[in-house]
Amino acid sequence: VNHVVVVGAGLAGLRSAEALRSRGFTGRITLIGQERHRPYDRPPLSKAVLSGAADSSFVETDFAAIDVDFRPGVSAKALREGVVETTEGELDYDGLVIATGAEPIRLPGDGPQHVLRTLDDAHELRAGLVRGARVAIIGAGWIGAEVATAARRAGCAVTVIEAGPTPLATAVGTEIGARTEHWYDGIDLRLDTMVGSVEEGGVELVGGEFIEAHVVVAGIGVRPAVEWLAGDDIDLHNGVVTDEHLRASLPGTVAAGDCAAWWSRRWQTRLRVEHWDTALNSPEVAAGTLMGEDVAYDPVPYFWSEQFGHMVQYAGHHPAGERLLYREDPGGTWSAVWLTADDFLTAVLAVDRPRDLLQGRRIIAAGHRLDTERLVDPQVSLRDC
Ligand code: FAD
């Protein structure tokens, strides 16, 4: 391989370029990114940046030192074998990394709506979160909850509108979601409520009610940013379809981060995980595969969210129907663990219990049976169960 083109200059794109170099790749690397910024981390956007504690979250990089030709503000438009068509002409490649991430889904309607994906989005939204402003957030998922946290802290009058019966219902199920409902203290939380459209001055609910708002934020999820590949000769299905080596169907092509739908050996299913840990670690495997090494990506997926003063962390993967048990501490912290019928741990969600998360993730990776009687005692370390 002589020339690798990396499309997408988010964390996964940057890490792919770095991983190629650290694995000894000496050919040319071109990194193109649609945004005009150099690569930055997104998790702080809904936390430190939105609250005003930080203005940016750039990842430290020295493109000259790793000899990467970084081209901000350049988008890929289409792909054919050996050539990426971009907004600035064609780029020939013999190795390609697709790391275009994901893009937020918007609500119908002509009224102004914010989404939160980019640094620019975060700055625009932050300007609207002023004391007394009426803020309507649609979606009580991870992003909705974090935006609501920042808006409440800023002294806004916050309404959160969620189609499901509880917050976080799609992400972790209604049983866990219900346990987070009381965190929305002081917020007008509307559950089982569908938004019809965003209009000037607020949102119209299905059924006709109008909720007035100065600021409307859509936090209803993202889709993989792979539209530019549609119609090209590459398998797409909820992202770029790859094998366990992150190899896509087109020769010389790999995918990493939010846009990759990889085959997981561990879970025997296809996974696409829109979280930071995947963007951080999948590029090592993508780079290795491009260089002809025999490497596989098979993590116990991990993510965290900081909302309403709580640290929520999740590791694993829980197919529907797994048993759910709790480790509850009278002090208010708790963890939920998902078990198979024969008591193997498949996932853990920890609220303000980082040790449970760490130990749980190790247990899932090692794959051993747990003693469920000890497990429900929060005083007993998970690793001793
Ligand atoms: P992205 O970060 O989406 O980067 C892809 C880049 O490719 C973008 O810059 C995009 O502009 C560019 N691009 C797209 N299409 C093209 C094209 N055709 N040509 C050129 N460039 C293109 N995860 C957690 O685990 N914990 C958290 O607390 C957490 N908080 C988050 C908070 C926010 C506000 C957001 C938005 C995300 C959060 N995440 C969190 C998720 C995490 O940030 C993502 O999983 C991670 O950013 C994915 O990285 P990526 O490089 O795969 O994709």
Among G139, G207, which is more than 24 Å from the chain's Cα centre (by Cα) and either under 18 Å from L107 (Cα atoms) or not hydroxyl-bearing (S, T, Y) (or both)? G207
Return the total of residues in the stretch 39-69 being farther than 24 Å from H114 by Cβ and of a type in the set (S, T, Y). 1
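For the condition surrounded by 15 or more Cβ atoms within 10 Å (Cβ to Cβ), in contact with a helix residue (DSSP H, G or I) (Cβ under 6 Å, 6 or more places away or on another chain) and in contact (Cβ under 8 Å) with a residue 40 or more places away in the chain, what is the one hit in V198, V240, V172, V222? Working first, answer last.
Working: V198 fails: in contact with a helix residue (DSSP H, G or I) (Cβ under 6 Å, 6 or more places away or on another chain); V172 fails: in contact with a helix residue (DSSP H, G or I) (Cβ under 6 Å, 6 or more places away or on another chain); V222 fails: in contact with a helix residue (DSSP H, G or I) (Cβ under 6 Å, 6 or more places away or on another chain).
It is V240.
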So if I check each of A9, A76, which one is touching a Gly at 6+ places or on another chain (Cβ under 6 Å), within 13 Å of the ligand (Cβ to nearest atom) and aliphatic (A, V, I, L, M)? A9
With the condition kept exactly as written, say whether any residue in the stretch 95-103 is more than 22 Å from W262 (Cβ to Cβ) and either among the aliphatic types (A, V, I, L, M) or outside the structural domain of V240 (by TED's automatic domain parsing) (or both). no
Considering only residues that are under 25 Å from S305 (Cα atoms) and among the basic types (K, R), look in the stretch 12-62 and name the one that is farthest from the ligand (Cβ to nearest atom). R38
Over the stretch 50-77, the set of residues open to solvent by less than 20 Å² (accessible area, probe 1.4 Å) and over 21 Å from R15 (Cβ atoms) is L50
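How about the stretch 95-153: which strands (runs of 3 or more DSSP E) wholly inside it have at least 2 residues that are open to solvent by less than 20 Å² (accessible area, probe 1.4 Å) and touching a strand residue (DSSP E or B) at 6+ places or on another chain (Cβ under 9 Å)?
Qualifying strands (runs of 3 or more DSSP E): 95-98, 134-138.
The values are calculated or read from the model by the stated rules, or taken from the named source; none is laboratory data. Because the structure is predicted, anything quoted here is derived from the model rather than measured. Cβ atoms come from the backbone with ideal geometry, glycine included; neighbour counts cover every protein chain shown. These accessible areas exclude ligands, DNA and RNA; they are computed on the full protein's heavy atoms, side chains included. Shrake-Rupley method; radii C 1.70, N 1.55, O 1.52, S 1.80 Å.
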